[in-house]
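Colleague: The structure that follows is given in the form of structure tokens.
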Amino acid sequence: MPDFEIRLLQPGDSLHELTELLHRSYQRLVDMGFNYTAADQSVEVTRERIEGNECYVAVMDGRIVGTSLLILDRSNKPAWASQEGVAYAGQLGVEPEFRHLGIGSALMDAIENRARELGYRAIGGDTSESADYLIRFYTGRGYEIVDYHQWGRKTYRSVVLAKRLSV
């Protein structure tokens, strides 16, 4: 298994490259008919989504091969996730050629651990209710479906998943 490290996004990291990584990693979902924001967002939208949150990256041989976002701002989130003490996970993506190597799990471990350090009691996230492989990924990590949400301009309804964090 190739070695990779998980770290916070650094000022010298390219947001253009990160955005292109997101486009490639979400292409499978586009092919399934879902219009996820990360699938075609601009570099400016990537910057806006990262701002005020914590962006983690997986780096292998100097190349960013995965990313996840710990969203600390509760505004514009589904009702369940807007509760006090709930962090939110978003924008998880792994280069297609590096899937199934534990990178996505390591990125989720990083943001779950960080949310725990910050005193959050739970972490939530959402995905299309028809993205079976993603729902299996999250439920396999101890997440449970707690709600449903319809984002504006999305072609799918989301399931909101949550995991209790022990402190």
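Colleague: When N is the residue count of the chain, what does its C-alpha Rg come to as a fraction of 2.2 N^0.38 Å? Please report the intermediate quantities before stating the final value.
Modeller: Details: Rg = 14.8 Å, N = 167, 2.2 N^0.38 = 15.4 Å.
Scaled against compact globular proteins, the figure is 0.96.
Colleague: So for segment 123-167, Kirkwood radius off the Cα pairs, Stokes-Einstein at 20 °C and 1.002 mPa s: how many µm² s⁻¹? If you can, show how the numbers build up before the last one.
Modeller: Working: Rh = 10.8 Å.
The Stokes-Einstein estimate is 199 µm²/s.
Colleague: So in segment 1-150, what percent of DSSP beta bridges are antiparallel if you round to the nearest 5? Intermediate results must be reported in sequence, preceding the final value.
Modeller: Numbers: 16 of 19 bridges.
Rounded to the nearest five, the antiparallel share is 85 percent.
Colleague: Continuing with this model, one more query. At 0.36 nm per residue, and after removing the present C-alpha to C-alpha distance, how many nm does the segment from Glu48 to Tyr148 gain when stretched out fully?
Modeller: On the way: separation 100, 0.36 × 100 = 36.00 nm, distance 2.48 nm.
That pair, Glu48 and Tyr148, stretches by 33.5 nm at full extension.
Colleague: Short version: ³J(HN,Hα) in whole Hz for each residue of segment 124-129, in order, from phi by Karplus 6.51 cos²θ - 1.76 cosθ + 1.60 (θ = phi - 60°), x for Gly and Pro, what are they?
Modeller: x, x, 8, 7, 4, 5
Colleague: Out of every Cα-Cα pair in segment 1-98, what percent are more than 22 Å apart?
Modeller: On the way: 1483 of 4753 pairs.
Of the Cα pairs, 31 percent sit more than 22 Å apart.
Colleague: With charges set only on the Cβ (+1 for Lys and Arg, -1 for Asp and Glu), what does the dipole of segment 47-103 come to about its Cα centre, in debye to the nearest 20?
Modeller: Values: 6 positive and 8 negative charges, 24 e Å.
For segment 47-103, the charge dipole is close to 120 debye.
Colleague: In debye, nearest 20: dipole of segment 1-155 around its Cα centre with unit charges on the Cβ of K, R (+) and D, E (-)?
Modeller: Numbers: 16 positive and 24 negative charges, 60 e Å.
Its charge dipole is roughly 280 debye.
Colleague: Compare the Cα positions of Gly85, Leu118, Ala106 along the charge dipole of segment 76-124 (+1 at Cβ of Lys, Arg; -1 at Cβ of Asp, Glu; about the Cα centre) and return the one farthest towards the positive end.
Modeller: Value: Gly85.
Every number here is computed from the coordinates shown, using simple stated rules; none is lab data. What you see is a predicted model; the values in this text were computed from it and never measured. Glycine gets a Cβ as well: all are built from the backbone with ideal geometry, and neighbour counts include every protein chain shown.
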